[in-house]
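Student: Submitted below is the structure of interest, expressed as structure tokens.
The values are calculated or read from the model by the stated rules, or taken from the named source; none is laboratory data. Treat the numbers as computed from the prediction; the structure is a model and nothing was measured. Cβ placement follows ideal geometry from the backbone for every residue including glycine, while neighbour counts extend to all protein chains displayed.
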Amino acid sequence: MVVRDRRRIDPETGEVRSAAASEELAAAEAAAEATVAAPPVDPGALAELQQQLEERTADLQRLQAEYANYRKRVDRDRELVVNNAKASVVTELLSVLDDFERAEQHGDLTGAFKAVADKVAATLQKAGLEAFGHQGEEFDPSVHEAVQHDTSPEVSGPTVTAVLRRGFRFGERVLRPAMVGVTDHEPGGQDPAPESTGRHAAAEPADGDTPQ
């Protein structure tokens, strides 16, 4: 530590210091301060500090990655719980939608009753409910439950030709398969025999007849 003497009176002579003497003293003090050398640095200690810094940095990065994964897992689990709760409530209301559909088929869904039914259906659709199962679509055993079977040459493959009960899915989850009737392709009859290329088939000559 360097102590600078800024006193205007010289403690040794008792005289007032001149400006030149003060400048010389300040210059001497600055030179003395500059000559104070820093302690030598051990290369081994510096390398060890650098290694510790890298290890602490790696630990911090690992903790940040683990925390980010934890946040993603928590958000995913929270979303799954919410979707399961919604799906459970919607599943309980499927029978109500069936009643609305039957009432509509019988002409009973009119007036205020129809307005309420439309509002309930719109709310469930907005929440993520989707109906499926329509005539003419390809049969899919993963979402269709076949309860009737028929064949016809008018279809090229298994086709839904009757919908007895609509199916519903909530997002990617199938809440109820559609109950349908399925028609498979039936090959047509045998091809008719080829016609004769001539207008009239030539009669074979009888035994003993000589062709003219």
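Student: Could you tell me which of the residues Asp150, Asp108, Asp118 is acidic (Asp, Glu) and part of a helix (DSSP H, G or I)?
Tutor: Working: Asp150 fails: part of a helix (DSSP H, G or I); Asp108 fails: part of a helix (DSSP H, G or I).
Of Asp150, Asp108, Asp118, the one residue that is acidic (Asp, Glu) and part of a helix (DSSP H, G or I) is Asp118.
Student: Could you count how many residues in the stretch 121-144 are part of a loop (DSSP other than H, G, I, E, B), of a type outside the set (Gly, Ala, Ser) and either without any contact (Cβ under 8 Å) to a residue 12 or more places away in the chain or closer than 28 Å to Val82 by Cα (or both)? Full working, then the answer.
Tutor: Going residue by residue through the stretch 121-144, those that are part of a loop (DSSP other than H, G, I, E, B) are 128, 133-137, 139-143.
Keeping just the survivors that are of a type outside the set (Gly, Ala, Ser) gives 134-135, 137, 139-141, 143.
Restricting the remaining residues to those that are either without any contact (Cβ under 8 Å) to a residue 12 or more places away in the chain or closer than 28 Å to Val82 by Cα (or both) gives 140-141, 143.
Total satisfying the criteria: 3.
Student: Out of all the residues in the stretch 16-34, is one or more at pLDDT 85 or above and of a type in the set (Val, Ile, Thr)? First the steps, then the outcome.
Tutor: Here is the first cut: in the stretch 16-34, the residues at pLDDT 85 or above are none.
No, the conditions are met nowhere in the stretch 16-34.
Student: Being under 24 Å from Arg173 (Cβ atoms), more than 23 Å from the chain's Cα centre (by Cα) and hydrophobic (A, V, I, L, M, F, W, C) is true for just one of Ala131, Ala122, Ala112, Ala87. Which residue is that?
Tutor: Details: Ala131 fails: more than 23 Å from the chain's Cα centre (by Cα); Ala112 fails: under 24 Å from Arg173 (Cβ atoms); Ala87 fails: more than 23 Å from the chain's Cα centre (by Cα).
The unique qualifying residue is Ala122.
Student: Scanning for something assigned to a strand (DSSP E or B) and farther than 26 Å from Asp99 by Cα, does the stretch 154-164 turn up at least one residue?
Tutor: Quick first cut of the stretch 154-164, residues assigned to a strand (DSSP E or B) only: 159-164.
Narrowing further to those that are farther than 26 Å from Asp99 by Cα: 159.
Yes - at least one qualifying residue is present in the stretch 154-164.
Student: With closer than 17 Å to Val163 by Cβ and surrounded by 11 or more Cβ atoms within 10 Å (Cβ to Cβ) as the only criterion, which of Asp108, Asp118, Asp98 stands out? Even if it seems obvious, please write down each step before you answer.
Tutor: Values: Asp108 fails: closer than 17 Å to Val163 by Cβ; Asp118 fails: closer than 17 Å to Val163 by Cβ.
Just a single option satisfies the conditions, and that option is Asp98.
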